[in-house]
Every structure is written in structure tokens, then in C-alpha cells.
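Q: Shown below is the structure under consideration.
Every number here is computed from the coordinates shown, using simple stated rules; none is lab data. Bear in mind that the values here come from a model prediction, so they are computed numbers and not experimental data. Quick reminder, even Gly has a Cβ in these numbers, built from the backbone with ideal geometry, and neighbours come from all protein chains shown.
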Amino acid sequence: MSREQQVVDRTRRAFRTGRSRPLEFRIQQLKRLWSFIKERQEEICEALRRDLGKSELGSELYELLVLEAELKLAISRLAEWAAPRPVEKNLLTLTAEVYVKPEPLGVVLIIGTWNYPWPLTLLPLVGAIAAGNAAIIKPSEVSSNSSKVMEEHLCHYIDQDLYPVVAGGVQETQELLRLRFDHVFYTGSSRVGKLVMEAAAHHLTPVTLELGGKSPCYIDKNSDVRIACRRVTWGKFVNCGQTCIAPDYILCEPCIQGQVVECIRQTLLEFYGADPKCSPDYGRIINQRHFNRILSLMEGYTPVVGGQSDSSQCYIAPTVLKDVPPHSRLMQEEIFGPVLPIVTVSDMDDAISFINEREKPLALYVFCSDKKAIKRMIEETTSGGVTVNDVMMHYTLSSLPFGGVGQSGVGCYHGKHTFDRLSHHRACLVRSLNMESVNLARYPPQDRRRARR
Ligand code: NAD
């Protein structure tokens with residue numbers, strides 16, 4: 001029996017004891033998870049520095065704050081979320097109790113990813129614990145330092161039989177995927193997402209797939225281009241472009257392209273100084289493979305901003321490319337790095353067609369000051385989420401469901417959405433044995449006189 005099989009069996013046995021179900025237990029485990037993050041903050045930040053060159057403040061801001069906010073929310077709202085939800089009745093069930101009861105699914109497999117390894121692995125866990133499940137946590141081997149901290153220390157805080165960490169790479173993930181779970185929650189590329197869904201299909205296991213894709217950013221010529229570029233520059237280059245909802249490319253009319261380039265150049269200077277390589281706020285590419293992949297995407301272009309790189313540090317400067325042909329390779333693959341292409345379109349109609357001709361993106365960004373045009377842009381396109389006149393901010397709201405559509409993902413989470421995603425919504429109807437006469441109409445023999453009686 002493989003190590004993975006043993007862990008899954010142990011986790012299922014622990015789930016069957018029923019101890020993950022009482023609300024007090026769930027809250028206690030969520031509080032312990034919170035203690036883990038607080039008490040191990042130093043190790044976590046150090047691991048993130050080694051994995052992705054993140055600064056301490058950046059780690060707190062982009063990795064830990066969101067986790068703490070979700071923990072706080074789940075702890076304070078759990079009783080409300082888990083309570084039976086009464087629903088409408090009909091004439092035949094007027095005296096019955098009719099409600100929907102959220103109940104745990106069982107054992108959830110969480111496969112995390114490396115770009116924000118802490119929230120993208122532990123946010124699903126918050127929901128899994130809150131919903132009363134057991135969960136197997138598989139952090140990404142790619143962010144190896146973060147993975148190590150999780151593997152070594154998490155077991156000292158939360159129930160290690162109910163929520164074990166399984167370390168390992170592709171082989172271990174494949175072995176896990178052969179086994180039976182009650183839900184698989186995967187974050188990562190669409191390529192692996194398909195493999196996860198295929199493996200889960202063998203057991204008819206439901207999945208949540210948080211995938212990627214190319215998120216477009218349209219800047220209208222009638223918007224405040226300077227402010228738009230400031231916000232885009234932040235969203236594109238934070239974490240060195242390795243953010244699933246980063247604006248992948250800019251769409252704008254040729255008449256503002258020059259201004260867009262200049263505004264981004266100025267903002268980069270303000271954010272990261274003359275040499276971003278020396279800025280404590282500018283990260284690094286996760287590994288050599290991704291470094292080479294991003295450089296190969298830039299081949300054949302002359303950057304109008306940036307373009308420098310240093311393979312010994314996996315450093316790629318914030319880079320802007322203009323007049324990028326819509327059918328180039330750069331426009332087919334998700335960039336997932338600090339390279340920002342600008343593609344020109346003739347007007348908003350053209351931008352809408354451009355977006356709709358491609359896969360449904362994880363996020364869409366629109367910068368525009370005309371309310372009617374904004375409404376139109378939202379009406380006539382689709383995406384997992386949309387933020388207008390900013391980037392990525394929809395991610396920060398637990399009240400908004402976060403997830404993709406089509407190729408960018410299946411299902412959504414954050415806040416109560418995670419709780420609901422990882423719960424079974426059981427239909428409950430509880431009647432008494434009284435008033436048998438109201439049932440006569442449905443019993444055979446189906447005779448009109450008896451029905452009237
Ligand atoms: P990936 O999909 O290659 O790897 C993720 C994990 O899957 C790995 O840690 C590994 O354990 C496993 N894996 C890899 N190959 C496998 C295989 N053949 N069989 C089984 N398991 C396998 O991750 P990546 O491509 O490096 O991640 C980047 C992608 O993730 C981008 O597309 C990005 O947009 C997406 N992403 C999405 C979100 C979101 O919330 N929607 C968040 C972060 C990243």
C-alpha cells in the first residue's frame with residue numbers, strides 16, 4: 001500500500017469518528033490555524049523570501065492578511081453558515097419542517113500552488129475545516145521552502161489525522177489523484193486541471209478548479225490614463241507578474257499607446273527605482289524553467305520598457321512590449337511573468353470582439369469613465385470576475401465569489417462561498433405521522449371520490 005493510500009485511509013478513519021463535525025471543534029481548529037500563521041510568521045516570511053524573493057511586508061500584505069481575514073470571518077460567521085436554512089413549503093408540506101442542511105462532504109484533497117503558496121493552499125482549508133470536513137493538504141513542491149514549513153509545523157497546531165500535509169511532486173500528486181476523495185480542490189494550470197478532472201471522474205468526485213488564462217485589460221481613451229497605468233503597473237508587476245489575476249495584456253487605441261507606455265515607465269521608476277533588481281519590493285521568477293519560458297515568449301520583440309534579465313537570480317525586469325500582433329505566441333499563452341504586451345484595437349467594439357474571440361478569462365479589467373460604456377463592456381463580455389477602474393481588487397472581497405469560467409476554472413470560493421462549495425446541501429423534510437387523511441389522494445386506487453373525501 002502506498003504512503004499516500006495510508007494517509008488517505010487514516011484521514012478517512014479520523015473523519016468517520018465524527019470529531020470534525022461539532023461547531024466548537026471546527027472553531028477551535030480554525031483558531032489553531034490562525035495561531036500557526038501568527039506564531040510561525042517569521043519562518044513563513046523567510047520561506048517566501050527564498051521561494052519568490054518576497055519582502056516581509058509584501059508577504060504580510062499579499063499572503064497572510066487575506067488568510068487572517070478569512071479565518072476571522074469563518075470563526076465569527078460559522079454558526080450562521082452551518083445553521084439549517086428553512087425554505088418555502090407547499091400545501092402538502094405546510095405542517096412539516098422543510099430546510100436545507102449544510103453538511104460535510106467527507107475527505108477533501110487540496111492541491112495548492114506556488115505563486116502565493118500560503119493563501120492558495122490554506123484558504124480552501126479554512127473552508128474545508130469550517131464545513132466540517134477532513135482534508136489532505138498537498139502544497140506545491142515548486143515553492144519548496146514554503147512547502148517545508150507547512151509540512152514541518154502545521155501538524156503541531158491542527159489535528160494531524162484529520163488535516164495531514166502530504167509533501168511531494170508530480171508523482172505523489174498523481175498517486176493521490178488515483179485515490180478516492182469526496183472533493184478535489186485544485187489551484188494551478190489548465191493543463192494539470194484537466195488531468196485532475198479526469199482522475200476525479202473515475203470516482204465521480206466533484207472538483208473545484210482554480211485555473212489561469214489571459215486576463216485582458218482595456219484602457220479607454222476617455223479614462224484618466226495616468227491613474228489607470230499606475231493601477232495596472234501595480235497589478236502586473238507585483239510578485240513579478242506571477243499572479244493568476246494579473247492583467248495579462250493591455251488593449252487600447254493606437255492614439256493612447258505612447259501615453260500608456262510613458263505612464264507605465266514613470267510609475268515603474270516611482271515604484272521600483274531606476275534599477276528594479278535592487279528594489280526590495282521587486283520579486284524573482286520562481287525557477288529556471290519559468291525564467292526560460294518567459295524569456296522565450298519575449299523573443300523577437302524589442303521592449304519599449306525593461307527587457308533586462310539575469311538568469312543567476314531568475315530576475316526579469318518589468319518589461320513592456322508595444323504593437324504586439326494579436327496572433328503572436330505571446331498572445332496565445334498565459335504570460336505569468338513581468339512582461340506586459342500592448343495590443344491596439346480600433347475602438348471599444350473591437351476590444352469586445354477581441355475578448356470574446358478568446359477563451360473566457362479569469363478576470364477582466366476595464367478603465368473607462370463613461371458609465372454607459374462600462375455597463376456595455378460588462379454586459380457584452382464574460383469572465384470569472386471583473387474589476388472596473390482598478391485591477392485585482394475583486395479578489396480581496398470575501399463576499400464576492402472568486403473563480404473562473406470555462407477554461408479559467410470550475411466553481412468558486414472565498415468566505416461563505418468556500419463553505420458552501422465544500423458542503424453538501426442536504427434537502428430535509430420532516431413530517432409527523434398525523435393528518436394521514438391529506439395523503440389519501442396520492443394512494444392507489446386512484447379514484448376521484450376518495451381523492452375528494
Ligand atoms: P501546475 O499546474 O503545473 O502545478 C501545480 C501542481 O500540480 C504541482 O505542484 C504538482 O504537484 C501538480 N502537478 C503538476 N504536473 C502534474 C501532473 N502531470 N499530474 C498531476 N499533478 C501534477 O502549476 P503552474 O503551471 O506552475 O501554475 C501556474 C498556473 O496556475 C497559472 O496558469 C496560473 O494562472 C494558475 N493559478 C491559478 C490561480 C487561481 O486562483 N485561479 C492561482 C494561482 C495560479
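Q: Would you mind finding the one in Val405, Val410, Val438 that is in contact (Cβ under 8 Å) with a residue 24 or more places away in the chain and closer than 23 Å to Glu88 by Cβ? Working first, answer last.
A: Working: Val405 fails: closer than 23 Å to Glu88 by Cβ; Val410 fails: closer than 23 Å to Glu88 by Cβ.
On inspection, the qualifying residue turns out to be Val438.
Q: OK, next. Restricted to region 118-142, and to residues that are within 14 Å of the ligand (Cβ to nearest atom) and under 18 Å from Gln174 (Cα atoms), which residue is surrounded by the fewest Cβ atoms within 10 Å (Cβ to Cβ)? Spell out how you get there, then give the answer.
A: From region 118-142, those within 14 Å of the ligand (Cβ to nearest atom) are 118-124, 127, 136-142; that's our starting set.
Next, only the ones that are under 18 Å from Gln174 (Cα atoms) stay: 121, 136-142.
Values: Thr121: 27, Ile136: 26, Ile137: 24, Lys138: 25, Pro139: 28, Ser140: 23, Glu141: 16, Val142: 19.
Among them, the one singled out is Glu141.
Q: Step by step: first the residues of region 179-193, then only those that are of a type outside the set (Gly, Ala, Ser) and within 10 Å of the ligand (Cβ to nearest atom), then the one that is nearest to the chain's Cα centre (by Cα). Which residue is that? Show your work before the answer.
A: Quick first cut of region 179-193, residues of a type outside the set (Gly, Ala, Ser) only: 179-187, 191-192.
In the following step, the residues that additionally are within 10 Å of the ligand (Cβ to nearest atom) were identified as 186-187, 191-192.
Values: Tyr186: 9, Thr187: 7, Arg191: 16, Val192: 15 Å.
It comes out as Thr187.
Q: Any chance you could count how many residues in region 86-114 are outside any helix (DSSP H, G or I) and surrounded by 13 or more Cβ atoms within 10 Å (Cβ to Cβ)? Don't jump to the end; show me each part of the working.
A: Restricting attention to region 86-114, the residues satisfying the condition of being outside any helix (DSSP H, G or I) are 86-90, 94-114.
Narrowing further to those that are surrounded by 13 or more Cβ atoms within 10 Å (Cβ to Cβ): 89, 96-114.
Total meeting the criteria: 20.
Q: Another question about this same structure. Just to verify a result, which residue in region 310-366, among those that are more than 16 Å from the ligand (Cβ to nearest atom) and among the acidic types (Asp, Glu), is surrounded by the fewest Cβ atoms within 10 Å (Cβ to Cβ)?
A: By that ranking, first place goes to Glu357.
Q: Assigned to a helix (DSSP H, G or I), within 16 Å of the ligand (Cβ to nearest atom) and surrounded by fewer than 20 Cβ atoms within 10 Å (Cβ to Cβ), is that true of Asn239?
A: no
Q: Return the pairs, sorted by first residue and then second, in which the second residue is within 12 Å of the ligand (Cβ to nearest atom) and not in a helix (DSSP H, G or I), the first residue lies in region 126-143 and is free of Cβ contacts under 8 Å to residues at least 24 places away in the same chain and among the hydroxyl-bearing types (Ser, Thr, Tyr), the beta carbons are less than 7 Å apart, and the residues are 6+ apart or on different chains.
A: none
Q: Please go through region 134-157 and pick out each residue that is within 23 Å of the chain's Cα centre (by Cα), under 21 Å from Glu42 (Cα atoms) and not acidic (Asp, Glu). Steps first, please.
A: Looking only at region 134-157, we keep the residues that are within 23 Å of the chain's Cα centre (by Cα), and these are 134-151, 154.
Among the residues that remain, those that are also under 21 Å from Glu42 (Cα atoms) are: 139-151, 154.
Across region 134-157, the qualifying residues are Pro139, Ser140, Val142, Ser143, Ser144, Asn145, Ser146, Ser147, Lys148, Val149, Met150, Leu154.
Q: In region 270-306, how many residues are within 18 Å of Met331 (Cβ to Cβ) and surrounded by 13 or more Cβ atoms within 10 Å (Cβ to Cβ)?
A: From region 270-306, those within 18 Å of Met331 (Cβ to Cβ) are 293-304; that's our starting set.
Checking which are surrounded by 13 or more Cβ atoms within 10 Å (Cβ to Cβ) leaves us with 293-295, 297-298, 301, 303-304.
Looking only at that region, the number is 8.
Q: Picking from Glu152, Glu198, which residue would you name as being acidic (Asp, Glu), more than 14 Å from the ligand (Cβ to nearest atom) and assigned to a helix (DSSP H, G or I)? Working first, answer last.
A: Details: Glu198 fails: more than 14 Å from the ligand (Cβ to nearest atom).
Residue meeting the stated conditions: Glu152.
Q: Related question: Say we look at region 390-432 and pick out the residues that are more than 21 Å from the chain's Cα centre (by Cα) and charged (D, E, K, R); which of these is nearest to the ligand (Cβ to nearest atom)?
A: Per the stated criteria, the residue is Arg426.
Q: Met435 - would you say it is hydrophobic (A, V, I, L, M, F, W, C) and more than 14 Å from the chain's Cα centre (by Cα)?
A: In short, yes.
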